[in-house]
Amino acid sequence: MIRASVVPAVVLGMSLGLAGCGGGGGDSIPNLASSSGGSVNSSAGSGGANANTGSSAQTGNADTGSKPGTAKPAGGGQGGAENTGSTENTGSTGSTGSTGNTGNTGNTGNTGNTGNTGNTGSTGNTDSAGGSGSAGGTGSTGNTGNTGGSSTPDTTCVDISRCLNLSSVNVARYKDNKRAAASYTFDDGYATSPAIATLFERAGLRATFYIVPGLVANTDWTIWQDLSRRGHEIANHSMTHPDFVATPMTDQMLDTEIVQSQRLIEQKVGVRPLTFAFPYHLSTPRAMALAQQSHMAVRMMDNGEPGYRFAFFDTDHGTDLAGTLSTVNRQLDEAVQGNGWFVAGGHGIDGDGWSPVTTDFLQKHLAYAGTYASSLWIDTFANVSRYRLCRDTVKPDVQALSANKASVKLGGAYNAATCTAPMTVTLPVTAMKEGCKLRARGADGSELPVVIQGGVAYFNAKPGETVSVELVAAGK
């Protein structure tokens, strides 16, 4: 039987991203081919003048090969004057035009083709009878390879520091980055406990059952063994359900009610109980100290936190079930709004046990709790207690491994015997390019689910583990 009383509050033991995701390629500087143009000299002489060399090929532009420049040819010299009465002198043979210079090979762009070698200038024709020798043709300019600019690097999924704020990696307040938690506990081990367990299982949830091992018949231990295998918590409610305040207790009596009771449950069920609930919510400082020493956590009506709410699932603390349902739903609202912990305490259902609620009551409340699915983590009292104890002592250590990969080690001064369950690691997302995703792998290479929601990426890993986080293309 539960009696509400005021008890001492006991607390359970124990930013750098750049906008945009992916590195952008900078503008390339085109390679410029250069050569100074040759000067054109001319001279008049007796007989044919030497043909001047064609000018050098002009430089091609960076993006497309330029048209070859054409040098102006120098004219051939005029034949000498005719002497009177003498035989006419034959005009000198014109000089052969010099071969044009080969055009410079175009510079190769990042993706461009190598420029073609310029054509050799044609040989000048020989003057006939004093005709001027024609200038050699100018060598054609080699075609410059197209640079097209530098090829743009793959800007998809190459820089993890532009997607995540690696300086603000933390352990979430509650598992799966939920803002609040809820646990449902049922005392004394009544016969309808398996029916209660089934109601929770249908909702995908698990509950906590505080049993009194000194009152469990030998034939009934299979019930608790079965519920434990199904994922429910079988916890310690003392050996004989005494009033720890009204009953004077020696150290031996306290040991029997708290420690020996825990050992008996472990012996019969096969799992050591991690949490304790005092009958009637009543305890003495000596009893509380022993319970906290031997258990991971102790259930209380008030743990001193503003967001904590203990809800009575009975009619003894209300006028009727409808009123009680309205009250506990409101308390759940307050716990979620306060980022806190909602803990319900009941007994049996449908006429079984002390001040029982009904199947309909539980179904309606669980449906209401389901409306908070995105922000409320519902689990056993032990699982939520463990997470709360470890979240402040487990510290993520982040190391950059490459441009698109980092490691996160869950270290810190945590209790290794207590902190054995996965914790939720959060990584603020500054920008996530479409087509990219985060991939997390444990030390054994197994892939861990990564969720991105509300500007935060998160995954679950156990304390002591090192997880690699990599930015990859979504198809990989």
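The values are calculated or read from the model by the stated rules, or taken from the named source; none is laboratory data. Note that the structure is a prediction, hence the values are computed from the model and not measured. Every residue, glycine as well, gets a Cβ built from its backbone with ideal geometry; the counts of neighbours run over all protein chains shown. Accessible surface areas use protein heavy atoms only, side chains included; no ligands, DNA or RNA. Shrake-Rupley method; radii C 1.70, N 1.55, O 1.52, S 1.80 Å.
Brief remarks on what is shown
- Accessible surface, per residue, of the range 352-429 when the full set of protein chains is kept, probe 1.4 Å, Å²: 40 Å²
- Gyration tensor verdict on the range 170-254 (Cα atoms; rounded if a/c is under 1.5, prolate if a/b is larger than b/c, oblate otherwise): oblate
- Anisotropy class of the range 383-427 from Cα gyration tensor, a/c 1.5 cut: prolate
- Cross-link pairs K175/K462; K409/K462; K405/K476; K409/K476; K405/K433 - those with Cα-Cα distance over 19 Å: K409/K476
- More than 16 angstrom apart: percent of Cα pairs within the range 267-327: 61 percent
- Between D176 and Q260, the contour length at 0.36 nm per residue exceeds the Cα-Cα span by 26.7 nm.
- Of the GluC sites (Glu not before Pro) in the range 379-476, the ones in a loop by DSSP (not H, G, I, E or B) with at most 11 other beta carbons within 10 Å are E434.
- Look at the alpha carbon pairs under 8 Å that are at least 6 residues apart: their mean separation over the length of the range 349-431 gives a relative contact order of 20 percent.
- When the Cα atoms of the range 281-407 are aligned to their principal axes, the ranges along those axes come out at 63, 41, 25 Å in descending order.
- The listed residues K405, K476 rank as K476, K405 when sorted by accessible area, largest first, using a 1.4 Å probe.
- Pairwise Cα inverse-distance average, inverted: Kirkwood Rh of the range 333-417 (Å): 16.6 Å
- Dipole magnitude for the range 374-476: computed about the Cα centre from +1 point charges on Lys and Arg Cβ and -1 point charges on Asp and Glu Cβ, it is near 80 debye.
- Expressed as a whole percent, the accessible area of the range 321-391 that falls on carbon and sulfur atoms is 49 (1.4 Å probe).
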